[in-house]
Amino acid sequence: MSPVTHFLSGWVFANCARLDRRERAIVTLACVAPDVDGLGIIPELLTRNSSHPLLWFTLYHHSLHTLAFSVAVAVIAFALARQRWKTALLSLASFHLHLFEDILGSRGPDGYQWPIPYLAPFSSSLQLVWRGEWGLNAWPNVAITVLLLLITLWLAWRRGFSPLEMISQRVDTDFVRTLRQRFGVPTIG
Ligand SMILES: [Zn+2]
């Protein structure tokens, strides 16, 4: 699925637990973290028609979709959070939510399934892939993203914070105020 879908699912997942602002951000970003290995798409597209094209996306996409990287992310979460174990474990779960979503629906336009080398770089024996995998831009992904967006808006209205808090608390407060002016103030905080 797309980084936007992963981000929103990470956010909704983080909101299932009692976390502070920084911990929510950590758990949310853990759901996007595996796609850091997809940043190679930028140099690859930029050099596509050059004499020395860089195939960084083709070569490395999914190279961080691994158990080893999930542990690294959990360790970082542990180091940054106040509720260390809780945030580390939720980040680990959030990372795996990303992997699950990719197995469900991330088939490339060319039909390639992008198997997940879960035990890399230690072993390439396990390649996670599901035969029924749908395309990256297929309708279920659109439906899931719209649903997550609606949940995110509802959470913002109800709880008083949204992912905008990661950029600026003032922007977030203004956003929640706008929502509540439009849809009324929730009865219970
Ligand atoms: Zn991914």
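The values are calculated or read from the model by the stated rules, or taken from the named source; none is laboratory data. Keep in mind that this is a model prediction, so the values were computed, not measured. Here the Cβ positions follow ideal geometry from the backbone for every residue, glycine too, while neighbour counts run over all protein chains shown.
So which residues in region 145-171 are within 13 Å of G10 (Cα to Cα) and not small (G, A, S), if there are any at all?
T145, L148, L149, I151, T152, P163, listed by residue number.
Would you point out the residue of region 43-75, among those that are β-branched (V, I, T) and away from the ligand (no atom under 16 Å from the Cβ), that is nearest to the chain's Cα centre (by Cα)? In this case the residue turns out to be V71.
Determine if region 37-51 includes at least one residue that is within 16 Å of L164 (Cβ to Cβ), touching a residue at least 12 places away in the same chain (Cβ under 8 Å) and among the small types (G, A, S). No: zero hits. Restricted to region 133-147, and to residues there that are out of contact with any Gly (no Cβ under 9 Å at 6 or more places or on another chain) and of a type outside the set (A, V, I, L, M), the residue that is surrounded by the most Cβ atoms within 10 Å (Cβ to Cβ) is T145. So is R182 on the phi < 0 side of the Ramachandran plot, within 16 Å of the ligand (Cβ to nearest atom) and not hydrophobic (A, V, I, L, M, F, W, C) or not? Considered against the rule, which asks whether it is on the phi < 0 side of the Ramachandran plot, within 16 Å of the ligand (Cβ to nearest atom) and not hydrophobic (A, V, I, L, M, F, W, C), R182 comes out as no.
Does L55 qualify as being under 19 Å from P3 (Cα atoms), modelled with pLDDT under 95 and surrounded by fewer than 16 Cβ atoms within 10 Å (Cβ to Cβ)? So that I can check it myself, show each step before the final result.
Numbers: under 19 Å from P3 (Cα atoms): no; modelled with pLDDT under 95: yes; surrounded by fewer than 16 Cβ atoms within 10 Å (Cβ to Cβ): yes.
Taking the combined requirement at face value, the residue does not satisfy it.
In region 1-18, the residues that are without any contact (Cβ under 8 Å) to a residue 60 or more places away in the chain reach residues that are in a loop (DSSP other than H, G, I, E, B) and within 15 Å of the ligand (Cβ to nearest atom) with C-beta atoms within less than 7 angstrom, at least six apart or across chains, in these pairs: P3/V32. Every listed requirement among (1) more than 21 Å from W11 (Cβ to Cβ); (2) away from the ligand (no atom under 15 Å from the Cβ) is met by I26 save one, (1). Tally the residues that are surrounded by fewer than 19 Cβ atoms within 10 Å (Cβ to Cβ), more than 12 Å from the ligand (Cβ to nearest atom) and either farther than 20 Å from T58 by Cα or among the acidic types (D, E) (or both), restricting the search to region 94-119. The total comes to 1. Assess whether R177 counts as being assigned to a loop (DSSP other than H, G, I, E, B), among the basic types (K, R) and over 16 Å from A14 (Cβ atoms). It is false that R177 is assigned to a loop (DSSP other than H, G, I, E, B), among the basic types (K, R) and over 16 Å from A14 (Cβ atoms).
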